[in-house]
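Down below is the structure, laid out as structure tokens.
What follows is calculated from the coordinates using simple rules that are stated; it is not laboratory data. Computed from a predicted structure; not experimentally measured. Neighbour counts run over all protein chains shown; Cβ positions are idealised from the backbone, glycine included.
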Amino acid sequence: MRLGLCCLLLPLACGSEGSTPDAGPTPVDSGLPPGDAGFDQDLGVALDASGPRCEVGTGVDLFEEVAEDQVVALSLGPQGGGRYSGYHIWSSVRVNGVAPQRALVRFKLLMADTGTEIGRQERQFNLEPSGNNFVAYGVAPWIDDCCPVRNQAVLMQVELQDQNGLTCTDQRRVRAADRCPDPNGNDICP
Amino acid sequence: MRRWDLSYGLALLALACSGEKNDPPRPSGPPAWQVVLEGTPGALLRAHGTSANDVWIVGADADGQGPLVYHYDGQRLSKHDTGTTGDLWWVQADLSADEIRMVGERGRVVQYRPSTGQFSERSAPTTDTIFGVWGDDTNSAWYVGGETSANRGVIWRDDGTTISAPVPLPVATSSATFFKAQGFGADAVWMVGQRGRALYFDGQTISESPTPTFLPLIAVHGLSADQVYAVGGVADGVILRRDGQTWVDETPRGLPQMSGIWVTPDGTAYAAGFNGHLYVRKDGVWSEFEEPPTFQDFHAIWVDDQGGIWAVGGRLAADPPRDGVLVYYGPPLPEGIGP
């Protein structure tokens, strides 16, 4: 049976301050450096003494790290609402210390200056192995209205809960691109 | 919410006829979800057919090698090369005994004649995407689409020779893309699109039918013009039912975006959408299928004449949509059906 979608209203911890290439997820709140992650084939859980760790990123076909204040594209889905709920910021997550099957992942986008939620998407995944980690990518939290988001600081947040109830969170501050592009790359906003 | 009981599927299939005498033998076994295709380069966007042994599946052209087109004949699934490029968003397999019609990107209209095995291509006079087609014969088809980022729509009529816009063109096309059309004869055609827009053609004029939602309506289907469902949404989903003169909101609590709807002759409605969610309405109650066969997004659903359920989708937020999936619920399909 599916996990209830309402059970993931987790308090968001403060996000990590970014990550170095190939470092994998950094702890959300322990402050400990990443340990040597192992993988228990029986449990299907990537084990790490410091517990579940998430790293929010971007990417449609793979997990791509995203740096603080990195400019991220506002992408148009081919079918949907257009300016209103037709654009998204590709979101992904890299995680360890969780069971990969049927993980429930919620991505949120918030205006960094006000904390106003501007987009969200929640979905279940069978997380893909990626080295000592697991990843999920190609998630499209739809933005309520693309135009006011252009060139604004945005918080990308992720909350993940595995089927055993283990949870982790992360967030990054990024900057939205300066246009909501139509298929020809021209800004649609008045 | 009450979950759909698989025993219903068993009963439904037991009630269905066993097919024509010349149908190839199929393996025996209880009905179950089967992943027929997954990981195709482009997303699969519609499955539709005339029977359980004549199913067409179309999809996106994610690798520039042409749109995905498959046909299942009850024994094998074969891949077809249309000789065209660009995504194909919709297919109608029952337009006539000798024509399968497909529509898609940049106004493309692709026709296939089973008698000759030939594909041919025409174009509507638009560079916009045609998302939907419905016709009651080859000389009376409707195409709907538009440019979603501009919230602009197009509607075309095809008399078999000329593709032209209806006059007058509905005002709603200036502010909404239209995604699907479904008719019940030449004088009863529904069209749905962005901002909860629903249009109805009564044989003379196209008029707007107010709905209780501003969410995009992505698909429409039903048994008659007065018994029709429209589904859609973005983060949140919506299901509307036409109850005679008005649209009634039947959205179950927590429904995510729905993109596909199909109603069987007995009135059972199936809806498919985001993250592999599948719903069925029976005895007036919507309930969710337990154990989805995929976590991909469904774009369309179709139920064949033997009760088999076909659902297609992929990563639909990507442009072009990619990573396609085709799932089937029913008795075991023949092994090694290909392609």
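A few notes on this one:
- Per-residue HN-Hα couplings for segment B:66-79 [Karplus 6.51, -1.76, 1.60; θ = phi - 60°; Hz; x = Gly/Pro]: x, x, 7, 9, 10, 10, 10, 10, x, 10, 9, 9, 10, 9
- For segment B:134-163, the residues whose backbone nitrogen is under 17 Å from a point 7 Å from the Cα of B:Ser96, taken along Cα to Cβ, are B:134-143, B:157-163.
- Two-site label geometry, A:Cys189 and B:Phe214: point separation in nm, points 7 Å out along Cα→Cβ: 1.9
- Dipole of the protein assembly as shown [Lys/Arg +1, Asp/Glu -1 at C-beta], most positive-end residue of B:His80, A:Ala112, B:Val327: A:Ala112
- Estimated FRET transfer efficiency when R0 is 30 angstrom, pair B:Ile337-B:Val167 (beta carbons, to 0.05): 0.05
- Taking other Cβ atoms within 10 Å as a rough exposure proxy, A:Ser130, B:Ser207 sort from fewest to most as B:Ser207, A:Ser130.
- Computed over chain B: relative contact order in percent, which uses C-alpha pairs under 8 Å that are six or more apart: 19
- Going from the residue with the fewest nearby Cβ atoms within 10 Å to the one with the most, B:Val144, A:Val149 rank A:Val149, B:Val144.
- Note on the protein assembly as shown: with charges restricted to the Cβ of Lys and Arg (+1) and Asp and Glu (-1), its dipole about the Cα centre is near 620 debye.
- For B:Leu255, distant residues with modelled amide H under 5 Å away: B:Gly237
- With 10 Å bins from 0: P(r) over segment A:39-176, alpha-carbon pairs, percent: 13, 44, 29, 12, 2
- Full-extension gain in nm, A:Arg102 to A:Gln70, via 0.36 nm per residue minus C-alpha separation: 8.5 nm
- Extension reserve of the B:Tyr200-B:Asp266 stretch, reckoned as 0.36 nm per residue once the Cα distance is removed: 21.4 nm
- Distance between the pseudo-spin-label points of B:Ser120 and B:Thr85 (7 Å out from Cα toward the beta carbon): 2.3 nm.
- Taking the centroid of alpha carbons for each part, segment A:106-148 and segment B:299-318 are 26 Å apart.
- Rounded to the nearest 20 debye, dipole of segment B:108-206 from Cβ charges on Lys, Arg, Asp, Glu: 300
- By the compact-protein rule of thumb, 2.2 N^0.38 Å, the alpha-carbon radius of gyration of the protein assembly as shown corresponds to a ratio of 0.97.
- Charge dipole magnitude, Cβ of K and R +1, D and E -1 - segment B:32-330, Cα centre, debye nearest 20: 480
- Measuring r between the beta carbons of B:Thr127 and B:Asp283 and using R0 = 45 Å, the FRET efficiency lands at 0.45.
- Stokes-Einstein diffusion for segment B:32-330 at 20 °C, viscosity 1.002 mPa s, with a Kirkwood radius from C-alpha pairs, works out to 115 µm²/s.
- Computed 3J(HN,Hα) for segment A:148-156, one whole-Hz value per residue from the Karplus formula 6.51 cos²θ - 1.76 cosθ + 1.60 where θ = phi - 60°, is x, 8, 3, 6, 9, 6, 10, 8, 9, glycine and proline marked x.
- Label-reachable residues, segment B:96-123, where backbone N falls under 20 Å from a point 7 Å from B:Gln65's Cα toward its Cβ: B:105, B:119
- For B:Lys79, A:Lys108, B:Lys282, order by how many other beta-carbon atoms lie within 10 Å, fewest first: B:Lys79, B:Lys282, A:Lys108
- Calculated [222 nm] ellipticity per residue, helices only, for chain B: -1000 deg cm²/dmol; basis is -39500 (n - 2.57) per DSSP H run with n ≥ 4, divided by all residues, nearest 500.
- Averaged over peptide B:140-150, the number of partner chain Cβ atoms lying within 10 Å of each residue's Cβ comes to 4.
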